[in-house]
Amino acid sequence: MNVRRRPALPLLVGLLGGLLAGCGIRATEVPTDFGPAPSRVRCSLAEPDVTTQTSRGVPVRVFLLCGSSLVAVDRSVPVPEDGAGDSARRVLVAQGLLDELAESPPAAEKEAGYTTDVRGGMTVSGPAPKDPDDALRLSTSPDELTSFALAQLVCTFSDSAAAEGDGSVVLGGPGAERPRRYACTDEVRSRPGTKEPPSTEIAGQ
């Protein structure tokens with residue numbers, strides 16, 4: 001008499017499933033967790049609302065730190081009064097830029113990796129006697145600023161109506177030391193922490 005043997009495969013599958021379950025593994029589960037959703041691309045921002053910015057003042061650009069370089073972002077500063085002299089206009093624009101640099105970046109910029117090394121409390125004044133007409137005097141000497149903060153200031157000022165538009169700006173401190181002309185170069189923008197803005201001393205007038 002022949003006895004038909006039942007296939008052993010279902011039994012083996014059952015045993016294997018039990019063993020896997022005992023090890024904390026679900027034999028039939030396909031992993032679907034691929035981690036959190038990708039965050040904002042570093043140093044990349046959505047297009048700014050130019051209309052809104054213009055309504056708050058004059059559109060300008062300031063240079064913030066992102067990664068290992070300087071990156072320009074859009075801001076606005078107060079509109080100089082009609083009839084203001086060139087020096088007064090430069091000082092007003094420079095103070096507005098300085099205030100923007102000292103502000104903590106908005107949430108969207110922080111999320112994208114933007115920071116600033118410029119600290120609050122600094123002020124800007126016009127040229128001292130015997131300074132060039134386009135000189136700006138800071139309440140903190142440029143020599144006392146970090147290389148990052150100095151690079152931010154130089155590149156921001158030189159790219160604005162606070163300077164003559166030739167890629168440089170004349171800066172001095174509150175003391176009697178002569179101001180210097182600082183240049184914002186490609187090297188400074190790409191390596192602000194290791195490459196300080198090149199400068200030359202301004203001769204007295």
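Derivation of every value follows stated rules applied to the coordinates shown; laboratory data play no part. Predicted model, so just to flag it, every value in this text is computed and none were measured. No Cβ is skipped: glycine too gets one built from the backbone with ideal geometry, and neighbour counts run over all protein chains shown.
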Report summary line: Which residues qualify? For Val77, with a placed amide H closer than 5 Å and at least 5 residues away or on another chain, they are Val58, Val60
Requested in this report: Once you have all Cα-Cα distances for segment 48-168, histogram them in 5 Å bins from zero and send the whole-percent values.
Outcome: 2, 11, 21, 25, 21, 12, 6, 2, 0, 0
Requested in this report: Using amide H atoms built 1.01 Å from N in the peptide plane, name the residues 5+ places from Gly193, or on other chains, whose amide H lies under 5 Å from its own.
Outcome: none
Report summary line: Over all directions, segment 144-185 yields a Cα convex hull whose mean projected area in nm² is 3.0 nm²
Query raised in the report: When only DSSP loop residues count, what trypsin sites (Lys or Arg not before Pro) in segment 102-205 have their Cβ near at most 15 other Cβ atoms within 10 Å?
Result: Arg119, Lys130, Lys195
